[in-house]
Each structure stands twice: as structure tokens, then as C-alpha cells.
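Student: Structure in C-alpha cells, see below.
Bear in mind these aren't lab numbers, they're just calculated from the coordinates by the rules spelled out. Computed from a predicted structure; not experimentally measured. Because the Cβ atoms are built from the backbone with ideal geometry, glycine has one as well, and the counts that use them run over all protein chains shown.
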Amino acid sequence: MQSIEYKILVNMKKRGRGKEFFASDFSAYGESKSVSKALSNLVKKQVLIKLATGIYYYPKIDKKLGLGILYPSLDTVAEAIAKRDKARIVPTGIYALNRLGLSTQVPANYVYLTDGSPRRIKVGNGKGILLKHTAPKNLAFKNDLAMLITFALKEITQERVTQEHLDRLKYVLQQVPKEHILQDSKLMPAWIKKLILKLYE
């Protein structure tokens, strides 16, 4: 009879390296305690890396350049959590500014708004992911860029928007048709909608 550990290993190899896994992905192989023990054994054997509680990584290893283990980004981990929980997430705070090139500051914690469960997830080296609950209507945007810009500008606030911010946003918006962004105009504060319209002129 094949062990739970063996079954998990076969499953991971089929999916390939560089993938995140959750303990719940292997619930069909046995009771949660048995699955957790099998995953812990694979971590001890350095087959798997434990990213956070209940989150594991089958590491991708760079041998050409000798970089060793290529860890997933916090963004990738957050997206995996959202997919598992069937929830939506959107970057906010300093991370949203960083994503748009409006700030060079790299946050230690990536903050997202979500319509799923709020939580804080520690992901090694003092880094982490903070999921803050928000009403589903706040995430009802059809265009991801429109949503990201809206939350980034809310973080900056109307009074603190600089010409440098405007120049960067103008460049970003040139990549997307005006009608795609403005289909979400009803979800934007009036000042943000006005600013975006001006940047398209």
C-alpha cells in the first residue's frame, strides 16, 4: 500500500516544480493529521519548503546560473491563497503604488483588500501578506488596472498627488483604451474619475 508521503510526492512531480501547495490539496489521501505529518516529513527531507502555516512549495532550482532555490513572490503566494479560497484580492497601500511604479519603496508586508477572510500570513525572513476584508462592491471592478489605480490614488490622497505621479499614471494609462478604464467609473471617487479623464486628454 502506497504511503501518503509517496502519493503527495507523485502528485507534486506531475504538476512540476515551482508550484505552491496547500495541505488541503491532499485531503483525499488521508486524515488531516496524517497529511500534515507526511508534509512535515517531506520538509525535513528538503523535498518541500514550508512557506507558511499550511502552505508548501515544491522548489524550482536554478542550476545554470547557480542561483539555487527560486522562491515564489509574495504576490504569487497571495494569488494562490485567493484562488483556493475563491476570493478576490487587490493590492493596496505601498504595494499598490509599487506595482504601478508610483513608488520605489518595497514593503516588507504586501497588503491586499479581499472579499474573503481577513488574515495575516508570515512568509519567512520577516515578510508577510496581510489580507484586509472589504465589501464585495469595492472589488466589483471589471478592469484590474482601473481597480489598482483607484486604490493606489486613495492611498496617496487627492492632496498629495504630484506631477511625477500624474506623469507615471499617464504613461500607464496609454497602454489601455479609455473605455476599458472608464467602464468602472461608477466605482471610483469623483476626484479619481476626473483625474483619469484629464490624463486621457
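Student: Read phi for every residue in the stretch 133-138 and hand back ³J(HN,Hα) as whole Hz from Karplus 6.51 cos²θ - 1.76 cosθ + 1.60, θ = phi - 60°, with x for Gly and Pro.
Tutor: Once rounded to whole Hz, the list reads 5, 9, 5, x, 4, 6.
Student: Here's another thing I want to ask about it. Can you figure out the FRET efficiency of Ile156 with Val106, using R₀ = 25 Å and their beta-carbon distance, to the nearest 0.05?
Tutor: About 0.90, to the nearest 0.05.
Student: Suppose only helical runs count, i.e. DSSP H with n ≥ 4. What mean residue ellipticity at 222 nm does that imply for the chain under -39500 (n - 2.57) per run, divided by all residues and rounded to the nearest 500 deg cm²/dmol?
Tutor: Helix contribution divided over all residues of the chain: -12500 deg cm²/dmol.
Student: For Lys132 and Ala23, calculate 0.36 nm times their separation in residues minus their Cα-Cα distance, and state this gained length in nm to one decimal.
Tutor: Contour length minus the Cα-Cα distance gives 36.9 nm.
Student: Under 20 Å from a point placed 7 Å out from the Cα of Gln174 along the Cα-to-Cβ direction: which residues of the stretch 126-147 have their backbone N that close?
Tutor: Inside the label zone: 145-146.
Student: Residue-wise, which Karplus ³J(HN,Hα) couplings in Hz belong to the stretch 108-120, taking 6.51 cos²θ - 1.76 cosθ + 1.60, θ = phi - 60°, and x for glycine or proline?
Tutor: 6, 10, 8, 9, 10, 8, 9, 9, x, 6, x, 6, 10
Student: Report the FRET efficiency, 1/(1 + (r/R0)^6), for Ser34 and Arg120, where r is their Cβ-Cβ distance and R0 is 25 Å, rounded to 0.05.
Tutor: 0.35
Student: Follow-up question, since we're still on this one. Roughly what % antiparallel, to the nearest 5, for the DSSP beta bridges in the stretch 54-201?
Tutor: 65 percent
Student: Taking H as built 1.01 Å from N, whose amide H comes closer than 5 Å to the amide H of Ser103, not counting residues under 5 places away?
Tutor: Residues meeting the amide H criterion: Asn98.
Student: If I compute Cα extents along the principal axes in Å from the structure I just sent, which labelled value in (1) 68, 39, 29; (2) 52, 38, 25; (3) 44, 35, 31 lines up?
Tutor: Evaluating Cα extents along the principal axes in Å on these atoms matches (1).
Student: Pull out a ≥ b ≥ c, the square roots of the eigenvalues of the alpha-carbon gyration tensor of the stretch 4-70, then state rounded if a/c is under 1.5, prolate if not and a/b is larger than b/c, and oblate in the remaining case.
Tutor: Verdict is prolate for the stretch 4-70.
Student: What percent do you get for the relative contact order of the chain when only Cα pairs under 8 Å and 6+ apart count?
Tutor: Worked out over the chain, it gives 14 percent.
Student: Quick one: which residues, 5 or more positions from Leu51 or on another chain, have an amide H under 5 Å from its amide H? H modelled 1.01 Å from N in the peptide plane, none for Pro or chain starts.
Tutor: Tyr56, Tyr57
Student: Treat each spin label as a single point 7 Å out from the Cα along the C-beta direction, and report the Gln183 to Ala140 distance in nm.
Tutor: Between Gln183 and Ala140, the simple spin-label model gives 1.6 nm.
Student: Through the Karplus equation 6.51 cos²θ - 1.76 cosθ + 1.60, θ set to phi - 60°, convert the phi angles of the stretch 62-68 into ³J(HN,Hα) values in whole Hz; use x for Gly and Pro.
Tutor: For the stretch 62-68, the Karplus curve yields 8, 9, 5, 9, x, 7, x Hz.
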